[in-house]
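Okay, structure first, notes after.
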Amino acid sequence: MSLTKDIYYVQNVAISLGYVNEITAPAATIVRWEADLTQNGASKMSTIQFPTQLDTVKIFYGQNSLDQNIVGKIVLTGPASDVNLVLNDALYLNQLYNANLVEQVSTSQDRILPEDRRGEVQIQIPAGTTHGLNIGQRCRISSCNLDTTPNGEFVVTAIDSFNSPTRLWLIYVGGYDVTDLYYNANYKNAKIGDFLQTTAGVDIAPIIDLSYNNPHGYLSFPVRVFEDATDAQLDSGFLIPNGVFFIHEPYFMDMPPDVVYALDAGDWTTGLFMGAIAQQEENQETVQFLIKKYPNDPSGGGGSLQEQGDAIENAVEGGAPNYIQDNSAGVFSTVQVGDRISKSYDSGVVRWEFYGTPAECNEALQKVTYFRPPTVNTTYQIETRIVDGQTRIYFTRGA
């Protein structure tokens, strides 16, 4: 038996810690079981619930925080046999934030962010970037640096280099309310165009997408058992939660092209075959095309990371749009699959979209065509994305 447990959880769903009478001290010995969530932002990722409560077992929640429900240390004290009974039914649950309640606008260029900026922050950096970070390591975001203390740092909780390269999920290390009081809430400043940085403040890559969600990633935190009367440590280990999203993310099963054009100006293409998507539960999804001038809009152009960052700042300062928002670059055809029909936009960021099951989306993606205006003598980059209530999966965003 061991205090160390791997906890494979589903976001927002309470799950057993997996304890089965793990404390082996004599039944009547008064013991103290402690879980320490004070390091690496674990308290902002996790909480533990105790459905079984006994008069003989004292439950203590200690908070190195002003935040309600964010607990730094959890302590159970009582006879070993009774503490075992409480722990046997204990449940792990990720912390719940307002991020999942934010209503998204599917046709917007960027996602609407929660006002409190709390939860697991997802950042995307250009595909192929060598970021050198691993799960559990710390990093910074350029606009969130508070000072040289760990208050301005984030911990990496998950990394995706396949589904929509390259995404990292981070949890803020400092206390939210304490930071609001003493550091001007700088953790709320993260935005597209900032830089992912090392803890020393060295730029790694520009941030080209940003969102927040309830935690779903990996972390670990220590647990220990003591004999209460003597403080002698009887056992130790780690709780190691490793989660997945409540609803599986959609993904590109076949990658779309990143450039579309007709052979001759003033002509339509044949069916483009703009890739294929999938989603594990076969949930309905929206697929969209956006047109942009450069391969790595919105990250601001090619060159070194510093040059990309300068280009972002220049674009922001100059008010330059990242995406083409009219029909000057051409139009996509209307496609109907069953009772589902595609939609084209004359203004705004999204040029074409289709909503349906993955199979319906894939048929539309195969059959859609593109008209190249007679005045257009160049090609344009196309960004294909999959959108649902919580997710945006991009192909070539900032590639």
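The values are calculated or read from the model by the stated rules, or taken from the named source; none is laboratory data. Everything quoted here is computed from the prediction, not taken from an experiment. Reconstructed Cβ throughout: ideal geometry from the backbone, glycine too, with neighbour counts over all protein chains shown.
Here is a check on your reading of the model: is Asn214 surrounded by 23 or more Cβ atoms within 10 Å (Cβ to Cβ), at pLDDT 95 or above and within 21 Å of Gln95 (Cα to Cα)?
yes
Quick one: in the stretch 214-237, of everything that is part of a strand (DSSP E or B) and without any contact (Cβ under 8 Å) to a residue 12 or more places away in the chain, which residue is farthest from Val121 (Cα to Cα)?
Filtering first and then ranking leaves Ala232.
If a residue counts only when it is outside the structural domain of Ile291 (by TED's automatic domain parsing) and exposed (fewer than 14 other Cβ atoms within 10 Å of the Cβ), which strands (runs of 3 or more DSSP E) contained entirely in the stretch 21-140 have at least 1 such residues?
Working: elements: 30-36, 46-49, 58-62, 73-79, 91-94, 120-124.
Qualifying strands (runs of 3 or more DSSP E): 46-49, 58-62.
So which of Tyr380, Tyr394 is at pLDDT below 95, over 27 Å from His248 (Cα atoms), out of contact with any Asp or Glu (no Cβ under 6 Å at 6 or more places or on another chain) and among the aromatic types (Phe, Trp, Tyr)?
Tyr380
Take the residues in the stretch 141-158 that are in contact with a strand residue (DSSP E or B) (Cβ under 9 Å, 6 or more places away or on another chain) and part of a loop (DSSP other than H, G, I, E, B), then tell me which one is surrounded by the fewest Cβ atoms within 10 Å (Cβ to Cβ).
Within the stretch 141-158, the match that is surrounded by the fewest Cβ atoms within 10 Å (Cβ to Cβ) is Asn145.
Condition check: part of a strand (DSSP E or B), under 21 Å from the mean Cα position of the chain (by Cα) and not basic (Lys, Arg). Does Ile277 satisfy that?
Taking the combined requirement at face value, the residue satisfies it.
List pairs: first in the stretch 161-187 and in contact (Cβ under 8 Å) with a residue 60 or more places away in the chain and more than 11 Å from Arg118 (Cα to Cα), second part of a loop (DSSP other than H, G, I, E, B) and among the acidic types (Asp, Glu), Cβ under 9 Å, 6+ apart or cross-chain?
Pairs found: Asn163/Glu249; Ser164/Glu249; Val173/Glu153; Val178/Asp67.
On the basis of being more than 21 Å from Ser328 (Cα to Cα) and assigned to a strand (DSSP E or B), does Pro256 make the cut?
Working: more than 21 Å from Ser328 (Cα to Cα): yes; assigned to a strand (DSSP E or B): no.
Considered against the rule, which asks whether it is more than 21 Å from Ser328 (Cα to Cα) and assigned to a strand (DSSP E or B), Pro256 comes out as no.
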